[in-house]
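Below is one structure; the comments refer to it alone.
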Amino acid sequence: MILAGIASRLGMGTVKDPLVSTRGVAWVAALTSFSLFAVGAAIPLIPFTVVTGLGAVVAATTLACLTLAGIGAAITVVTGQPALRSALRQLAFGVIAAAITYGLGRLLGTAIG
């Protein structure tokens, strides 16, 4: 069973050498994921350091949408999908998540405005 697991990982390219620990790979994946989430969360906050009010909200929304579409297009390097399709898909998921978050905030009475 253990040999089958090693063989399948070697075949999928996830582990190059069966003698190499996969714990290091997991830590790299975890830190990379954390870093990308932190950067992604910080990008829409940038306009609020320069502008206030509705202008900041519009700028943050635009920046967030451009970032989502850019990430979606960049993913095509790995997936091989058409860039526009992937960009629009990522943008749609982001907009849906934002709408749900806004709706829940509004429902609970904590939305800005």
Restricting attention to the range 77-90, does a residue exist that is of a type in the set (A, V, I, L, M, F, W, C), closer than 20 Å to A42 by Cβ and surrounded by 12 or more Cβ atoms within 10 Å (Cβ to Cβ)? no
Counting only residues that are assigned to a helix (DSSP H, G or I), modelled with pLDDT of 90 or more and among the polar types (S, T, N, Q), the range 27-52 contains a total of 1
Condition (residue is of a type in the set (S, T, N, Q), at pLDDT below 90 and within 23 Å of the chain's Cα centre (by Cα)) applied to the range 3-25: is it met by at least one residue? yes
Does L68 meet the test of being without any contact (Cβ under 8 Å) to a residue 60 or more places away in the chain, in contact with a Gly (Cβ under 6 Å, 6 or more places away or on another chain) and part of a helix (DSSP H, G or I)? yes
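The values are calculated or read from the model by the stated rules, or taken from the named source; none is laboratory data. For clarity, every value in this text was computed on a predicted model and none was experimentally measured. Heads up, the Cβs are rebuilt from the backbone with ideal geometry, glycines too, and the neighbour counts pull from every protein chain shown.
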